[in-house]
Amino acid sequence: MTQFTSKNENIISNEQFTPDKILQAKKIITTMQNKVQSYVEEGHGPFLCAIYDDKGNLISKCANSVVNDACSNCHAEINAIKEAERKLGTYDLSQFNLRIYITSEPCMMCLGAILWSGIKEVYYGVQSKDVEAITGYDEGFKPNWFEEFAKRGIRAYGNIEADLGKEVLKKYVRDGHVIYKPLRK
Ligand SMILES: [Zn+2]
């Protein structure tokens, strides 16, 4: 499948889209990137996630809490999906036409969580290859996920305001915050 690229901004997607489609995503992701630092200062990881409905109502917003919760799966997406499901009282979010906005591309675990949740659209900032290059996190193996999501009717848009996101991650590393990952042989 072709990954559609907008001319000016290198936004990638698994559907053909017009730039105005991602205007709201740009605002939300920019706002979140600018809040990352305050969460990091409270011990969170450098990733934020928010879930909105198709009318623009905020359903949940969470940061990565791996370190402060001592839990390897407390990624921002998992935290936000759990909060949304609790709030809406269901394990199946598909009826609500929800959109998930994330400061960086979901890792392999979070892609699975999004798939199971019934969320319909994914918008993210920094691509995994850039997250890994900057931070050293291992985002996992995710073959053809754009294509696999498209097959399931889940639209995805990435590399949104990525330059800002990369600066946020570089600062996290520069400031000496923990890069949590298991030891590998
Ligand atoms: Zn994740």
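Each reported figure results from applying straightforward, stated rules to the coordinates on display, with no laboratory input. This is a predicted model, so every value here is computed, not measured. Backbone-built Cβ (ideal geometry, glycine too); neighbour counts: all protein chains shown.
What is the Cα centroid distance between region 158-172 and region 64-105, reported in whole angstrom?
One Cα centre to the other: 21 Å.
Tell me the label-point distance for the pair Lys35, Val178, using the 7 Å Cα-to-Cβ offset, in nm and rounded to one decimal.
Going from the Lys35 label point to the Val178 one covers 2.3 nm.
Name the residue from Phe146, Phe47, Asn73 whose Cα lies farthest towards the positive end of the charge dipole of region 1-155, charges +1 on Cβ of Lys and Arg and -1 on Cβ of Asp and Glu.
Of the options given, the answer is Phe146.
What is the extension gain from Lys55 to Asp138, computed as 0.36 nm multiplied by their sequence separation minus the C-alpha to C-alpha distance, in nm to one decimal?
Roughly 26.4 nm would be gained on extension.
Return the equivalent ellipsoid semi-axes of the chain as a descending list in whole Å, where each equals the square root of 5 times an eigenvalue of the C-alpha gyration tensor.
23, 19, 16
Placing unit charges on C-beta atoms (Lys and Arg positive, Asp and Glu negative, everything else neutral), compute the dipole magnitude of region 26-65 about its Cα centre in debye, rounded to 20.
Computed about the Cα centre, the dipole is about 180 debye.
Please rank Ser104, Ser13, Ser72, Ser60, fewest neighbouring Cβ atoms within 10 Å first, as an exposure proxy.
Exposure proxy ranking, most exposed first: Ser72, Ser60, Ser13, Ser104.
At a 4.7 angstrom Cβ threshold, list every cysteine in the chain that has nobody to pair with, or say none.
Flagged as lacking a Cys partner: Cys49, Cys62, Cys107, Cys110.
How far apart, in nm, are two points set 7 Å out from the Cα along the Cα-to-Cβ line at Thr90 and at Asp163?
The answer from the label model is 4.2 nm.
Counting Lys and Arg as +1 and Asp and Glu as -1, each charge on the Cβ, what is the dipole of the chain about the Cα centre in debye, to the nearest 20?
In debye, rounded to 20, the chain gives about 60.
For every helix of n ≥ 4 consecutive DSSP H residues, a contribution of -39,500 (n - 2.57) applies; sum these over the chain, divide by its total residues, and give [θ] at 222 nm rounded to the nearest 500 deg cm²/dmol.
Computed ellipticity for the chain at 222 nm equals -11500 deg cm²/dmol.
Label-point separation (nm) for Glu15 and Glu42, each offset 7 Å from Cα along Cα-to-Cβ?
According to this spin-label approximation, the distance is 3.4 nm.
Considering Cα pairs under 8 angstrom that are at least six residues apart, work out the relative contact order of region 1-104 and quote it in whole percent.
It comes to 23 percent, rounded to a whole number.
Give a quick list of GluC sites (Glu not before Pro) in region 68-146 that DSSP marks as loop, anything other than H, G, I, E or B, with at most 15 other Cβ atoms within 10 Å.
Of the GluC sites (Glu not before Pro), not one in the loops of region 68-146 has a Cβ with at most 15 other Cβ atoms within 10 Å.
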